[in-house]
Structures are given as structure tokens and as C-alpha cells.
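First up is the structure itself, then whatever we jot down about it.
Values quoted throughout were computed directly from the atomic coordinates according to the rules given, and no laboratory measurement underlies them. Nothing here was measured: the structure is a model prediction, and the numbers come from that model. Glycine also receives a Cβ, built like all others from the backbone with ideal geometry; neighbour counts cover every protein chain displayed.
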Amino acid sequence: MTFARLQQGGPLRQVMVIAGLILFTCWSAGPVLWLILSSVLEQKALIAQPPDLSPRNFTLENFSTVIGAAASLGRGIVNSLIVAVFSTALALALGAPAAYALARLPVPRANNISFLILATQMLPGIAIAIPLFIVISRLGLIDNVLSLGVVYLSFNLPIVIWILRGFFLGIPAGIEKAAAIDGAGIFATFWHIILPISLPPLSAAAVFAFVEAWNEFFFALILTRQQAQTTPLVIANFAGQYQTVFGQMMAAAVISVAPVILLAILFRNQIIRGFADGMMKG
Amino acid sequence: MFFVAPALIVLAAILFYPIVDSVLLALQRVQLAGGAVTQEWIGLGNFTRLFSDPVFWRAALNTAYFSVMEVILVTLISLGVALLLNHPFGRSGFFRILLIIPWAIAPVANAVLWKWILNANYGVLNALLKSLGVIDYNQVWLGTPFSALNFLLIVDVWKSVPFVALLMLAGLQRVPQSLYRAAYMDGAGPWQSFLNVTLPTMRGVIAIAIVLQTIWSLRVFDLVFVLTRGGPADATALLNFLAYRVTFNFLDLGYGSAIANVIFALTFVLAALYVWLLWPREIKGAR
């Protein structure tokens, strides 16, 4: 047996690997497929046991009903978009320079600061939710998309800093020396040299922050009432109120998850590299 | 310094101030009535109440069971999935997409989906198991305490595996090929090289995955909120959900903060462990 053959394994192991991959595919894709199928099936076909999957039962009615009937869903999507974009932009604007400084500039105790920032990312929302709720209530900023966006910095800023710091640490020192010889200051080096070569990790960090903000539920539940409700809240309310119109419930869920799933698929390589590496490197 | 300062100031405002205040709140009786907050110092009153509160102990027990089981299941399944995807047959981009989709699905949408799958009258799980002959009539999966907690667990494992599998896959890809080659030269079979090469080099990654997953399992909330609201009979009331319920449904902010402090303390210890695992060491292993 050659080494390459060894890595593939004998026939028995190959069969086991194929069986495992099929099992994994069913386990991962099954629920997602059922989500999509449910959203395009008529109620009658859906509640038949077993569900009636014949082609004549397929319809887009669930989507048109949900979009037509629930104004709250439209508002939720707009709110989610504002919160996610606002929070992501702020996290990048504050996080990129901080990550650069922590990785490359002589900041005192840079390592300690970095790890402290990383540790804050682990905090459960409930640890800060109650005081934040009191403060934001007193300021009269409950039910405000922008205050929600700022609160989202509590988890987005640390993660952006950590992903970017990992990348900045790997940049060869020669680049900055060359820039310094050309007379570029720290700020010019960062803006004209470092940022342009950091587009892949920046996009990974941005997608990551966007997805986290888009999906967040806990703070949105506490800090919004009506006007600023984000999509996850609308979906949760939906599931509580319209317990029986399953197709429409799933259609609403599909609408809410489609944008981030598309983003995640498009940027999967950057996300996988940026995050998986970031979480394991010191 | 002025590159770092803005980020640190923002983090201090939205993180460090609330953490300190949360500890202070736990030492007070804080009530919310008619939009006004009333506060009164009661020392450790909230904590003594905590220790004699059967609901708190129930939630602590639920959380312990949930977290331990989740960490074991997620770690084993993720390692298996990572090994599959690291095999020449599993390297297709298709499987990477399969991994990234459950990660990107909003926890709430995921919970709503599973609420439908597990529906007692029309759910597809009942239909599937009936047609396979496993069960004779429909089961109310979320109706009994034991079953509800375990289904919550299964759904959360489903959602958590992809990410940890990605971590482990990245770790597997970093095991130097030369080690496998050396093991092969020494006559090691696949099982031996898994035990003697893969596992030892993956030790750090697995430790990190375990710590991270423990932290994440302590803050499961959306799933409980949508699927069970803590019921039946508090069987699925995890600590995080209990803190929410006490604070925002019973409006007992001080007592809620005390529970939140318990979660914070647990997470803090775990986060410290995580940082310790990651901390750059002078000598990095034997290699």
C-alpha cells in the first residue's frame, strides 16, 4: 500500500466514509430542505400525514400572503438592515485601527489588551443586559434602531478586532519599513498601504459582524418595542401568533434567513479562514 | 495609542460599566413600577434567596445537564465530521457549504423551523417515524419534561456542530503531512496514526473547542424562548432564560442580576481558561 492509498484507506473504510458523508448530508441539509419545501407547499398538502409532495401542491402563495399581510415583516427587515449595517460599519471603523495598533505598533501591554478584548466577546448577553436596559430606558432610547446598533458593538467590535489582529500580525515588517523610507507616517501607512491589502480579512470580519447583528434576538427582545423591532423578533412573534399557518410561518423564516445565507455562501472561504484561524491563534 | 483608544472607550462604556453595575444591582432590591425604577440596598439578600430557591436549583441542574451533554455530543460529532471532510472524498466545496448554512441561519428561524418539525399533530418528525414504523401514534415531543429538554439539546447540537467542525477541520489541516508519512514509514496503520498523530496534535484545538462550546451552551436563549418558554414544569428553564424571566417578566431586576452574576462568573472562569489555552508560549510544544 502506498502512502496516498493509505490516506484513502481500504475498501471498508471508503464505504464507511461515503456512508458517513451521506449521513452528514442528510442531517445537515434535511431540516433546511424541509424549511424551503414547507414554504412553497399548500397548507392542505403540508398537514397531510405523510405530507403530500405532488407537484400540483406547490405554490408561492405563502410568500405573497406573508409579504402582503405582515407590514411588520417589511419593517423588521428594514430595521435589521439598518442595525446590521450601522453596527458593522462602526465595528470596522473602530476595530480596524485598534487591531492594527495592537498587532503592529508599540502599544504598552498590547497582548493583555488583546486578550481582554477577546474575553469580552465570550460574555453572555444577560451579564450586561440589565444595566444597559436601565440606562437606555432612562435616556429614552428604548425602541431605537441606532441604540440597538451601538449595543451590538459589544460583541461585534471584539470579534472584528480579533479577526483583523490575526491577519495584521502576519504582514511582513518590510512593508512598513518601505513605507517609512518613502516618508509615509503611521496614519498614511495604515490608510494607503495596510487597508488595501487587507480587503479579504476586512470582508470576512464585515460579513461575520453583519450575520451576527442580523440574527441577534436577545437584546432586540429587551431593547425594542414596536418601531425598532428587527426580523428575528417579528419571526418569533409570528410563530407565537399564527401557530397554525405553517407554510406562511416558514415563508417568513425563509425570507429572513435568505440574505445572510447567501452572504455566508458567497464569502464562505474568507469566513472559514478568518474565523477558524482567529479563534485558535494566540 | 490613539488608534486603540476609541475602541477601548466604546467597549468600556457598553461592557465594563454594565458589568460593574450588574454586580451592584445584584446587591439591591430593584423594582420597576410604572416606568420608574426604585432601588434599595439589601446586601447579599438576593444571593441568600438564590440558594434557597428551588426554581434556581432546577435551572442550574437543567443547565448542567444541557451543557455537559451538548459539549460531549458537539465535540464528538464535530470531530467525526471534520475527519470525514478531511478525507479525500469529503474535500468538495459542497460540504463546506453544507457546514456554513446551519451556522448562518438565525437561531430564532432555526427554533421556529424545529417547532414546526416537532409539531405534535402535523410535524414531519412524527410523519417520518410513523412511516418507518418506529412509533404507532403521534408523540408530543415537547410535552414531557425529559423529552422536551433532550429535543432542545438535539436542536442546539444541530445548530452548533458546523462551527466547531470548521474549527476542527482547520486544526486537522494543520497537522503536518510529514508526521503521517513518518507514522506510515514506521508501519502504523490508520487507527494507530489517528491515535498517535492526529489526536495528540489536535489536543489544543479540541480543548479550545470544548471551552468555547461550554461558553456558548451557557447562553442558549432563543431556542428556549421560541420552543418551550422554559416549560413544561420548568424542565427547560436554563439559567440564562431564568434570569431573563425574573428580570423582564417578573420585573425583579435585582434578583435577575444575581442570577446573571452566576452565569457571568461561570463564563468568566471559562473565558480565562480559553485565554490561558491560547496565550502565546515561549516554546510551542515539542515541534
- [ ] State, as an integer percentage, the relative contact order of chain B based on alpha-carbon contacts under 8 Å between residues 6 or more apart.
- [x] 28
Task: For chain A: relative contact order, % (alpha-carbon pairs under 8 angstrom, 6 or more apart) - done: 30
Task: Gaussian network model of chain B, springs between alpha carbon atoms under 10 Å - residue of B:LYS115, B:LYS130, B:LYS159 with greatest fluctuation - done: B:LYS130
Open item on the list: What are the equivalent ellipsoid semi-axes of segment A:3-63, built from the alpha-carbon gyration tensor (square roots of five times its eigenvalues), in whole angstrom, biggest first?
Closed with: 40, 11, 8
Open item on the list: Per residue of segment A:43-55, what does 6.51 cos²θ - 1.76 cosθ + 1.60 with θ = phi - 60° give for ³J(HN,Hα)? Whole Hz please, x for Gly and Pro, Karplus curve as stated.
Closed with: 3, 4, 5, 6, 8, 5, 10, x, x, 8, 9, 5, x
- [ ] For segment A:70-280, go through all pairs of different Cα atoms, get the mean of 1/r, take its inverse, and jot down that Kirkwood value in Å.
- [x] 18.7
- [ ] Rounded to the nearest 500, what is the 222 nm mean residue ellipticity of chain A from helices alone, with -39500 (n - 2.57) per DSSP H run of 4+ residues and division by all residues?
- [x] -23000 deg cm²/dmol
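Evaluate the relative contact order of segment B:196-259 (contact order divided by residue number), counting alpha-carbon pairs under 8 angstrom at least 6 apart; express in whole percent.
Numbers: 39 pairs, mean separation 12.3, N = 64.
RCO, segment B:196-259: 19 percent.
Tell me what chain B gives for mean residue ellipticity at 222 nm when only DSSP H runs of n ≥ 4 count, each as -39,500 (n - 2.57), the sum divided by the residue total, rounded to 500 deg cm²/dmol.
On the way: 14 runs with 188 residues, N = 287.
Only helices count here, giving -21000 deg cm²/dmol.
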- [ ] Would you give the gap between the C-alpha center of segment A:232-271 and the C-alpha center of segment A:24-63, rounded to a whole Å?
- [x] 15
Task: D_trans [Stokes-Einstein, Kirkwood Rh over alpha-carbon pairs] for segment A:83-141, 10 °C, 1.306 mPa s, µm² s⁻¹ - done: 115
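Are there chymotrypsin sites (Phe, Trp or Tyr not before Pro) in segment B:178-251 that DSSP puts in a loop and that have at most 13 other Cβ atoms within 10 Å, and which ones?
Values: sites: B:TYR180, B:TYR184, B:TRP191, B:PHE194, B:TRP216, B:PHE221, B:PHE225, B:PHE241, B:TYR244, B:PHE248, B:PHE250; in loops: B:PHE221, B:PHE250.
Passing both the DSSP loop test and the Cβ count: B:PHE250.
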Open item on the list: I need the P(r) histogram for segment B:163-287: all alpha carbon pairs, bin width 5 Å from 0 out to the longest distance, whole percents.
Closed with: 2, 9, 14, 14, 13, 11, 9, 8, 7, 6, 4, 2, 1, 0
Task: Computed label-point distance, nm, for sites A:ASN237 and B:VAL37 using a 7 Å Cα→Cβ extension - done: 2.5
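Calculate the mean, over all residues of peptide B:16-23, of how many other protein chain Cβ atoms lie within 10 angstrom of the residue's Cβ.
Values: counts 3, 4, 12, 5, 1, 6, 7, 2.
Mean partner shielding for this stretch: 5.
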Task: GNM result for chain B, Cα springs below 10 Å: residue of B:ILE105, B:ILE208, B:ILE14 fluctuating most strongly - done: B:ILE14
Task: Debye log10 I(q)/I(0) for the protein assembly as shown, one point scatterer per Cα, at q = 0.10 Å⁻¹ - done: -0.92
Task: Alpha-carbon centroids, segment B:237-277 and segment B:42-100: separation in whole Å - done: 16
- [ ] Name the aspartates and glutamates eligible as straight-distance cross-link partners of B:LYS115: C-alpha to C-alpha under 15 Å, and not fewer than 8 places from it in the same chain.
- [x] B:ASP156, B:ASP222
Task: Choice from A:MET249, A:MET16, A:MET122 with maximal GNM fluctuation in chain A (Cα, 10 Å cutoff) - done: A:MET16
Task: Cα Rg, Dmax, chain B, angstrom units - done: 23.0, 76
Task: Principal semi-axes in Å for segment B:76-180 [√(5λ), Cα gyration tensor, largest first] - done: 34, 15, 13
Task: Rough spin-label spacing in nm, given labels placed 7 Å along Cα→Cβ, for B:ALA12 and A:LEU23 - done: 5.3
Task: Pairwise FRET efficiency - B:ARG203 versus A:LYS177, Cβ, R0 = 56 Å, nearest 0.05 - done: 0.90
Task: Karplus (6.51, -1.76, 1.60) ³J(HN,Hα), θ = phi - 60°, over segment A:256-267, in Hz, Gly and Pro reported as x - done: 6, 9, 4, x, 6, 5, 4, 4, 5, 5, 4, 9
Open item on the list: Given R₀ = 56 Å, what would the calculated FRET efficiency be for A:ALA188 paired with B:ASP136, taking r from the Cβ atoms and rounding to 0.05?
Closed with: 0.15
